[in-house]
Structures are given as C-alpha cells and as structure tokens.
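The structure appears below as structure tokens.
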Amino acid sequence: MNRTALSLLAIASLSACMNLAPAHQRPALPVAEAVGQPAEAAVQLPNWQGFYADARLQRLIETALRHNRDLRVALANVEQAAALARVSDANRWPAVGLGAAMSRQPKAQGEGISSNYQVGLQLSAYEIDLWGKLKNQSEAAQARYLASTEGARAAQLSLVAAVASAHYALQTDEQLLALARRTLESRLESHRLVKLRFDQGAASSLELQGAISALEATRAALAQAERQRAQDEHALVLLTGQSLGPELPAATPLLDQALAPLAAGVRSEQLLQRPDVRQAEAQLIAAEANIGAARAAFFPSIFLSTSAGTASSQLSELFKQSAWSFSGQLLQPLFDAGRNRANLAASQAARDAAVAQYDKAVQQAFREVADALVARSTLTEQLRAQEAQAAAEAERLRLVELRFANGASSQLELLDAQRASFAAQQAALQVRLASLQAGVGLFRALGGGG
C-alpha cells in the first residue's frame, strides 16, 4: 500500500508539467498615447462620494447600489462564475470516496456459495494532467470569473452615472416646469388684456390671434414639461429600485450644482484600468487557456483507479485483512472525424475574436473620454453664452413691456419678446443639464464611480 501511495504521488506530481496554451501578451494599444491635453501622471479619481457633493444624490446612489435589479443580476453572475471556477479547479484533483461492497456467487461444481466483503477508500478514473488540459480549463474558468467580476464593477459604474444623470434631469424638469407655469400666468394676463381691448375695438383680430397662439404654445410647453418630469421620475425610481420617499434630503438647487474638477487630459494607458477593458482582457486570457486545453486533446489521456482497504470472505473477518487494487488506462486519439482539429480551430477563432473585442473596448474607452472632454470644454462656453443671451432677452422683455405700457411698442413686438425670453431660458436650463451630464460622463469614462 505504501508503494502504491508513493506511486500515486509521483504520478500526480507530473500533472500539468506542460502547458500548451499560448503565453498571454497584452495587445498593443490601438489608440493614441494620450487623449485630451497631455497628462504627465495618472489621473487620481475620487470615489463617487467625493465627486458628487449633493446629499440627495448621494442617498439616491446608495439606494440604487442596494436595490437595483440589474446590479443584483450582475452580482449573481459573479457568484455563479466563482462557483463554476471552483468546480473546474476541483477536476484537477482526485476524488476519494469511502466504498463498501458485497458479492455472492456459486462455487464451482455447485459446492456452495462464496461471499466477498470489501470496505475502504476508492479513487476512480483520476486523470493525470500531463499536458495541462485540466489546468487550462481551470484557468479559463478563473479568467471568466474575473471577467464577470469586472463586468459587475462596470455595471456599478454605469448605475452610479445613470442615477446622477437622472437626478440632474429631474431637477432640470422641475425648473422647466416652474418656468412654464410662470410664463403661462403671464400669457393668461396678456391674453385677458388683449381680449378686453379687442372687445372694446382697441385691438385688431391679428393681435388677438397672436395672444391666443402664444397662450396655447405655453400650455403645450407646460404639458410637455409635466410629461417629461413624470417620465424622468419613473426612470429614477427604476434605477434606485424604490420610490422616492419624503425622507430623502433636500437637493442642492440646480444652479448651485457643481462637480469635483477632473483633469483635462489622460494617458491612454490609464484606460486599461477601466472595468470593461479589464473584462475584455480576462475574456482574452480565458480564450488562450481554451486553446491549451484543445491542444492537449491531441495527446494521450491517462486515467487511474485504485482502492485500499480490507476484504474478507467472512463478514466477521472483514477488518482483519488488507486489500488493495490499482489499475491504469491510456487513451490515445486515433480517429475522431476531425473533432479535435475543429475544437482547436474554434478555440483559435475565439481567441482572435477576443483580441478584436479587447481592441474595440480600448477604442470605445478612448472615444468616450475624448467625447466627454470635448463636451465639457465646449459646454462651459456654450452655457456662459446661453445664460448671457437669456439675461439679455429677459432685459429686452422688461423694456418692451415698459414701452408697451406707454403705447410705444406694439402687441406683436411684445409677443416676440415674450417668446424669445421663454425660449432662451429653456435653452439655458437644457445646456446646464448637458454640462452636468458631460461631467458625469467624463467621470464614468475615466473609470470613476466605484
């Protein structure tokens, strides 16, 4: 028995002494060395609590991280991949069980019945992993687990960004709704005055129709604002997984919302730390390990079965005599109708696809950062100009209203000033929202939010 145990240990030590998988080399970056302004050092990103200062938004994000169903699915996938990786790794080691057997059969020439009782440890069909097939299968499963982990992290980053964007959109909707309500009150009063003048013959039908048109346009804008606010609130509820209760902290006013500053440029190498890029690389590693397992299928497979325990023809004598058995089996593929070659070709094609997917992930990351940097820089100037225009239109409306009250401006001139001021204020709010969402997008594109 000692010799058998030593032989098993010696054979097992040969397991995975060869590795037929290609050595992993990270593909060269298929993008420029830097995006935006040149960066000398890696950008140090704050966590999402440090980036988003709004107490209400922080509470919303915390709620979403606990209750969002999509994130729950991603985390469950991680747990499943981890379990499968443990199963694959367990296949590399022998499974030892406790067995008991009894057999009875007639003796020769009908001289009675012989009995045989056995009990002991058994090892069945243990494969000696000389070519690294099981090792590569285990490494592929481990890489898929890492890929699922990075996928869950990417889902978390996207969720944080989505909640922030939805929160700012809802705040903007409320501002647009308040603006539409104030404008409607003004248009109702204007329509009342024009209708009174028309009834007295002091205003033309053209002026009355102009007032009606402006009033109905404002009512349409109000209905649109109410609908958009309700839909954005529904989107935020879906993201957080819960209704927006009254216990939430008060939000920072939209005009006072500010995000932590971020760098104007980043080296492309930093994008390799994004979870989606790391996920793509883990999937590439898994594909390379699968090639090693497919190559190993061309070589002989060695299986061992052994048992060690006691045996006796009498049940009462069972534990007084030792018994052992040892057997081995070698299988060399000769003809499989091209199955092994097809599996290898499929594994190599999967590796090529994984390389392309990795390159695409890097290029997508580069584009997202570049777009976010451009959006942030241009929206800053656009917001300044739009707010200046809104202020100018508001002042023009004030002056026209004074002139109209003194009979120096026409009703048409007043309507034009009202429309222009309303549109300019709407546009300024929309650009402010776009500016905030561009900051959110840049933070996510750089891999922040974890």
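The values are calculated or read from the model by the stated rules, or taken from the named source; none is laboratory data. Just so it is clear, the model here is predicted, and its values are computed rather than measured. When we count neighbours, we look across all protein chains shown, and the Cβ atoms used for this are built from the backbone with ideal geometry, even at glycine. Remember, those area values only see protein heavy atoms, side chains included, never the ligands or the DNA or RNA. Shrake-Rupley method; radii C 1.70, N 1.55, O 1.52, S 1.80 Å.
Observations on the model:
- Charge tally in the Cβ shell below 9 Å around A286, where Lys, Arg are +1 and Asp, Glu are -1, A286 excluded: -1
- Cα coordinate range in region 258-313, projected on the principal axes (Å, largest first): 86, 31, 13
- Accessible-area composition of the chain, carbon plus sulfur, in percent [1.4 Å probe]: 55 percent
- Shape category assigned to region 38-92 from the gyration tensor of Cα positions, a/c cut at 1.5: oblate
- Normalised by 2.2 N^0.38 Å, with N the number of residues, the alpha-carbon radius of gyration of region 221-290 equals 1.88.
- Only helical runs count toward this figure. For the chain, summing -39,500 (n - 2.57) over DSSP H runs of n ≥ 4 and dividing by all residues gives -22500 deg cm²/dmol at 222 nm.
- Within a Gaussian network of the chain (alpha carbon springs, distance under 10 Å), most fluctuating of N116, N68, N91: N116
- Figure note: F298, F443 ranked by solvent-accessible area, largest first, 1.4 Å probe, ligands and nucleic acids not counted: F298, F443.
- Span-like helix criteria (full DSSP H runs; alpha carbon extent of at least 27 Å along the helix axis; mean Kyte-Doolittle hydropathy of at least -0.5) are satisfied in the chain by 69-90, 133-199, 205-240, 275-296, 339-405, 411-445.
- Each of F299, F404 has its accessible area taken with a 1.4 Å probe; listed largest first, they run F299, F404.
- Taken over region 170-216, the alpha-carbon convex hull comes to 48 cubic angstrom per residue.
- Accessible area of W93 (1.4 Å probe, protein heavy atoms only, ligands and nucleic acids ignored): about 150 Å².
- Of the residues Y126, A74, Q25, the one whose Cα sits farthest toward the positive end of the charge dipole of the chain, with +1 on the Cβ of Lys and Arg and -1 on the Cβ of Asp and Glu, is Y126.
- Within a Gaussian network of the chain (alpha carbon springs, distance under 10 Å), most fluctuating of S88, S307, S103: S103
- Scaled against 2.2 N^0.38 Å for its residue count N, the alpha carbon radius of gyration of region 137-215 is 2.46.
- Note on exposure: I302, I285, I291 ranked by accessible area (1.4 Å probe, complete protein assembly) read I285, I302, I291, with the most exposed listed first.
- Comparing L433, L373, L255 in a Gaussian network model of the chain (Cα springs below 10 Å), the most mobile by mean-square fluctuation is L255.
- For semi-axes √(5λ) of the Cα gyration tensor in Å, the candidate list reads (i) 37, 24, 21; (ii) 50, 39, 16; (iii) 76, 26, 18; the entry that matches the value derived from this model is (iii).
- Pairwise Cα inverse-distance average, inverted: Kirkwood Rh of region 204-255 (Å): 14.2 Å
- Accessible surface of V43 - all protein chains present, 1.4 Å probe, nearest 10 Å²: 20 Å²
- Its residue count N sets the reference 2.2 N^0.38 Å, and the alpha-carbon radius of gyration of region 57-165 equals 2.01 times that reference.
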